[in-house]
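Worksheet: one structure, shown below.
The values are calculated or read from the model by the stated rules, or taken from the named source; none is laboratory data. Keep in mind that what you see is a predicted model, and the values were worked out from it rather than measured. Please note: Cβ atoms are built from the backbone with ideal geometry, for glycine as well, and neighbour counts cover all protein chains shown. All accessible areas refer to the heavy atoms of the entire protein, side chains included, with ligands and DNA or RNA removed. Shrake-Rupley method; radii C 1.70, N 1.55, O 1.52, S 1.80 Å.
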Amino acid sequence: MEIASKYNPAEVEEKWYQYWMEHNLFHSVPDEREPYTIVIPPPNVTGVLHMGHMLNNTIQDVLVRRARMQGKNACWVPGTDHASIATEAKVVNRLASQGIKKSDLTREQFLNHAWEWTREHGGIILEQLKKLGASCDWERTAFTMDEARSESVLRVFCDLYDKGLIYRGVRMVNWDPKALTALSDEEVIHKEVNGKLYYLQYKIEGDPDGGYAVVATTRPETIMGDTAMCINPNDPKNAHLKGKKVIVPLIDRVIPVIEDEYVDIEFGTGCLKVTPAHDVNDYMLGEKYNLPSIDIFNPDGTLNEHGAMYAGMDRFAVRKQIEKDLAAAGLMEKTEPYTNKVGFSERTDEAIEPKLSMQWFLKMDELARPAAEAVENDIITFYPEKYKNTYRHWMENIKDWCISRQLWWGHRIPAYFLPQGGVVVGMTREEAFEKAKQMVNYPLTIDDLKQDEDVLDTWFSSWLWPISVFDGIRKPDNREIRYYYPTSDLVTGPDIIFFWVARMIMSGYAYRQEPCFRNVYFTGIVRDKLGRKMSKQLGNSPDPIDLMNQYGADGVRMGMLLSSAAGNDLLFDETLCEQGRNFNNKIWNAFRLIKGWETDNSLPRPESARIAIDWFGSKLSETITELDDLFSKYRLSEALMLLYKLFWDEFSSWYLEMIKPAYQQPIDSETYRVTLDYFDALLRLLHPFMPFITEELWQALQQRAAGESIMTAMQPREKTTDKPLLADFELVKQVIAGVRTIRLEKNIPNRDALELQVAGHHDARYDSVISKMCHLTSVTAVSDKQAGAAVFMVGTTEYSVPLADKMDVEAELQKLKGELEYTEGFLLSVNRKLGNERFVQNAKPEIVENERRKKADAESKIASLKESIAALEG
């Protein structure tokens with residue numbers, strides 16, 4: 001196979017992805033092998049690839065490819081999420097651009113538009129993942145609203161309803177006035193908002209002196225919904241209000257003063273306005289004291305008829321106007337700047353309105369218990385472990401899940417209302433009708449049943465994902481669910497630990513009585529190099545496709561992984577992708593160098609090559625051991641850096657240099673064969689991280705059969721590691737580096753041969769390597785070095801290179817004296833430290849020992865420098 005002079009990622013990537021697909025190499029079916037399963041966190045069906053997806057899916061692909069190369073039956077299930085709120089908002093906007101309102105359409109007409117949008121834009125992101133190299137089993141692609149998943153969702157709803165875990169009731173919910181739907185607590189993001197605290201006067205009814213109470217509030221626009229004022233019974237400053245009634249400003253409604261210890265005496269004036277319809281805590285007070293509840297808002301955040309003179313105005317416009325009106329009426333005591341936390345919709349970024357609403361809820365206590373224990377007892381392991389605390393805190397304070405959404409796009413709730421009151425739940429209208437006939441004693445037709453208009457929360461489908469992708473809800477004993485479940489690893493962001501991770505664990509125990517995965521790897525958030533979260537609004541998020549076009553998919557994968565420690569935010573810098581591209585070029589050029597050598601079967605293997613082969617074999621084995629350990633701890637970034645150093649430093653800079661034949665000379669066939677074996681092993685180790693270039697070069701190493709791929713080649717296994725050899729070789733490297741430094745400092749060309757003299761302990765077994773790497777004529781032991789020799793130390797052994805005919809004596813003397821002065825100063829500081837009794841007694845023994853080593857090395861170097869100076873001056 002002819003190899004190009006330059007690496008062209010675009011050509012290589014398209015060719016090999018097509019090859020993998022044609023030979024069905026990503027597909028998995030149950031067999032006798034150990035399964036390894038990952039389900040993709042399903043992106044929005046109409047979404048496009050962003051940097052977070054790049055990170056998440058690169059990590060998943062690394063894990064899946066490595067498992068495949070360990071002989072496991074790897075199955076990575078892809079799919080997309082119907083994303084109720086986001087998709088419906090996009091469809092509504094598109095219709096608006098055509099002059100069509102959602103309210104002008106029937107539900108069926110709107111859903112036709114939504115399906116058209118989904119078909120038009122759906123699946124783009126999955127195609128983009130192919131460019132990244134994602135080795136998903138595309139035949140298994142699932143969609144949360146396809147037939148199998150939809151039926152599974154409805155079955156679970158009916159089952160949980162029949163078990164008494166789903167109920168319908170009026171509750172205070174988080175209302176999104178833009179999306180016009182309720183949200184669960186987890187879909188609300190709290191942000192600090194700079195606003196005002198308004199001090200309003202509520203006149204005391206019947207007070208002859210015109211007395212009034214002052215209430216401090218951040219929301220004066222809600223006073224039309226006030227049905228009480230509350231004071232703390234233990235508050236002496238408001239004791240005069242006990243048993244009284246007060247008048248709501250501007251609208252003159254008389255409301256009672258109630259007493260409850262819930263009121264914070266220190267906040268504001270100690271008087272609290274109670275608006276049960278628009279505040280969670282006020283709602284609880286209203287329930288406790290049987291207060292009326294007045295809802296003053298329309299679903300879109302404007303005021304309704306209860307808003308009196310402000311009816312029809314937006315809530316924030318009312319806030320501005322009512323401030324002026326209260327001041328004009330002399331009922332505004334004062335205002336002051338105030339910062340408080342306000343809830344915003346995670347999807348639309350609209351300020352949430354607490355609202356009393358009839359919704360469907362799922363009881364969570366019973367479902368949460370086994371899910372909490374699974375993580376607490378490490379049946380499911382979190383990486384990094386710190387997220388156990390986040391998870392525990394949420395599970396201990398869990399609330400019932402509001403599962404209904406006032407939307408049309410999604411799984412319509414399978415509940416049907418009866419003409420004379422009551423509700424029946426069934427998979428279909430026909431099933432519900434059969435149940436209803438058993439419940440009522442009056443004539444009933446199937447058309448009398450009115451299905452609930454709401455749909456289920458999107459997360460109510462994706463919480464079943466690890467089960468439903470294997471059809472484990474509809475067919476709980478099928479072969480696939482029994483083989484692939486529990487899944488192995490989940491890779492996701494910590495921002496959906498409650499939305500998705502916790503709920504999947506709950507569904508796993510509810511429907512399979514076992515965990516849905518064994519390990520959860522939490523990625524960090526992708527930020528720019530200034531630490532800002534990447535977003536379209538800031539314009540700081542590069543287009544992943546553009547990056548891959550510029551640096552190649554392998555280069556971008558490497559750039560993402562090098563900056564990504566588990567659970568820590570990733571500071572993305574494009575130069576890391578450049579580093580990835582450079583590494584690709586390094587691998588490519590190393591391959592071309594090796595393949596460019598001629599072999600000669602008659603040549604004996606040189607001693608230097610034998611040593612190099614033994615050394616790199618041990619280095620490779622040591623690295624594999626360390627790599628396995630890093631993967632077991634999900635430290636993928638460190639694992640890649642380990643391989644990067646192994647290839648760039650140990651293989652390219654050391655091994656290849658040691659075995660490289662002389663210019664235009666052949667290499668012995670045995671060394672060449674072993675070198676190709678090492679290159680093969682390195683490609684297999686790198687393949688999970690860099691799939692494209694490794695496939696290209698692995699195929700070029702030797703003739704391969706059709707359908708053969710590095711993807712299914714086994715990962716190299718550790719062999720015997722000769723640790724003494726590795727330790728010796730680190731000293732050998734220092735000797736070689738010392739000679740090279742002398743060449744550099746003295747401007748001696750590499751073609752000029754040198755001598756190396758040794759005074760002290762030296763292992764001559766490695767002289768063949770040192771001689772080759774340094775172009776030496778000899779390595780000899782001496783008792784005294786020659787005059788004018790350049791000297792360096794390795795430990796306490798002195799090495800010298802005679803340079804009598806190759807140097808400027810005056811310049812060398814000046815340099816040596818400067819080095820002597822510096823080293824004597826350094827020794828002085830070390831002696832001062834070791835002469836300090838407090839330091840010697842209190843410092844860790846290893847630190848003191850390190851200082852003593854520094855002292856010995858400095859003394860040895862000073863002696864050597866003085867000798868060199870004396871020799872030159874003599």
Residue satisfying all of: in the range 718-734; part of a helix (DSSP H, G or I) and of a type in the set (Lys, Arg); most open to solvent (accessible area, probe 1.4 Å) among these:
723
Check 472, 493 and return the single one that is more than 24 Å from the chain's Cα centre (by Cα), under 25 Å from residue 379 (Cβ atoms) and not basic (Lys, Arg).
472
Those helices (runs of 4 or more DSSP H) completely within the range 372-466 that have 1 or more residues that are without any contact (Cβ under 8 Å) to a residue 60 or more places away in the chain and of a type outside the set (Gly, Ala, Ser) are 387-396, 429-439
For the range 109-125, give me the residue count where each residue is more than 17 Å from residue 56 (Cβ to Cβ), open to solvent by less than 40 Å² (accessible area, probe 1.4 Å) and in contact with a Ser or Thr (Cβ under 9 Å, 6 or more places away or on another chain).
5
Which members of the range 841-855 meet the condition of being closer than 15 Å to residue 828 by Cα and open to solvent by 90 Å² or more (accessible area, probe 1.4 Å)?
852, 853
State whether the residues of the range 588-605 include one that is among the acidic types (Asp, Glu), open to solvent by 20 Å² or more (accessible area, probe 1.4 Å) and without any contact (Cβ under 8 Å) to a residue 40 or more places away in the chain.
no
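Picking from 369, 412, 405, which residue would you name as being buried (at least 19 other Cβ atoms within 10 Å of the Cβ) and among the basic types (Lys, Arg)?
Working: 369 fails: buried (at least 19 other Cβ atoms within 10 Å of the Cβ); 412 fails: buried (at least 19 other Cβ atoms within 10 Å of the Cβ).
It is 405.
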Among the residues of the range 143-153, are any in contact with a Phe, Trp or Tyr (Cβ under 8 Å, 6 or more places away or on another chain), at pLDDT 95 or above and not in a loop (DSSP other than H, G, I, E, B)?
yes
Are any of the residues in the range 377-384 surrounded by 19 or more Cβ atoms within 10 Å (Cβ to Cβ) and closer than 16 Å to residue 498 by Cβ?
yes
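Can you tell me how many residues in the range 735-759 are open to solvent by 60 Å² or more (accessible area, probe 1.4 Å) and either without any contact (Cβ under 8 Å) to a residue 40 or more places away in the chain or in a loop (DSSP other than H, G, I, E, B) (or both)? Walk me through how you get there before you give the answer.
At the first step, the residues of the range 735-759 found to be open to solvent by 60 Å² or more (accessible area, probe 1.4 Å) are 740-741, 744-745, 747, 750-751, 755.
Imposing the further condition that a residue be either without any contact (Cβ under 8 Å) to a residue 40 or more places away in the chain or in a loop (DSSP other than H, G, I, E, B) (or both) reduces the set to 740, 744, 747, 750-751.
So the answer is 5.
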Scan the range 430-454 residue by residue and report those that are closer than 21 Å to residue 148 by Cα and loosely packed, with under 15 Cβ neighbours inside 10 Å.
430
When (1) within 18 Å of residue 386 (Cα to Cα); (2) of a type in the set (A, V, I, L, M, F, W, C); (3) in contact with a helix residue (DSSP H, G or I) (Cβ under 7 Å, 6 or more places away or on another chain) are applied to residue 467, the one that fails is (1)
Mind checking which residues of the range 239-252 are closer than 12 Å to residue 202 by Cβ, open to solvent by less than 70 Å² (accessible area, probe 1.4 Å) and without any contact (Cβ under 8 Å) to a residue 40 or more places away in the chain?
241
Please work out which residue is surrounded by the fewest Cβ atoms within 10 Å (Cβ to Cβ), limiting yourself to the range 162-181 and to residues that are charged (D, E, K, R) and in a strand (DSSP E or B).
168
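Give, as residue ranges, the helices (runs of 4 or more DSSP H) completely inside the range 501-606 that count at least 3 residues that are farther than 30 Å from residue 362 by Cα. Step through it out loud before you land on a result.
Working: elements: 503-511, 544-551, 553-562, 574-595.
Helices (runs of 4 or more DSSP H) meeting the threshold: 544-551, 553-562, 574-595.
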When you go through (1) in contact with a strand residue (DSSP E or B) (Cβ under 7 Å, 6 or more places away or on another chain); (2) open to solvent by 10 Å² or more (accessible area, probe 1.4 Å); (3) in a helix (DSSP H, G or I) one by one for residue 128, which number turns out not to apply?
(1)
Filter the range 652-673 for residues that are more than 42 Å from the chain's Cα centre (by Cα) and polar (S, T, N, Q) and give the result.
664, 665, 669, 671
Output for Cβ contacts, cut-off 8 Å, separation at least six or different chains, first residue on the phi > 0 side of the Ramachandran plot in the range 81-95, second of a type in the set (A, V, I, L, M) and modelled with pLDDT under 90, reads 83/45
Could you list, in sequence order, the residues of the range 856-872 that are charged (D, E, K, R) and surrounded by fewer than 17 Cβ atoms within 10 Å (Cβ to Cβ)?
859, 866
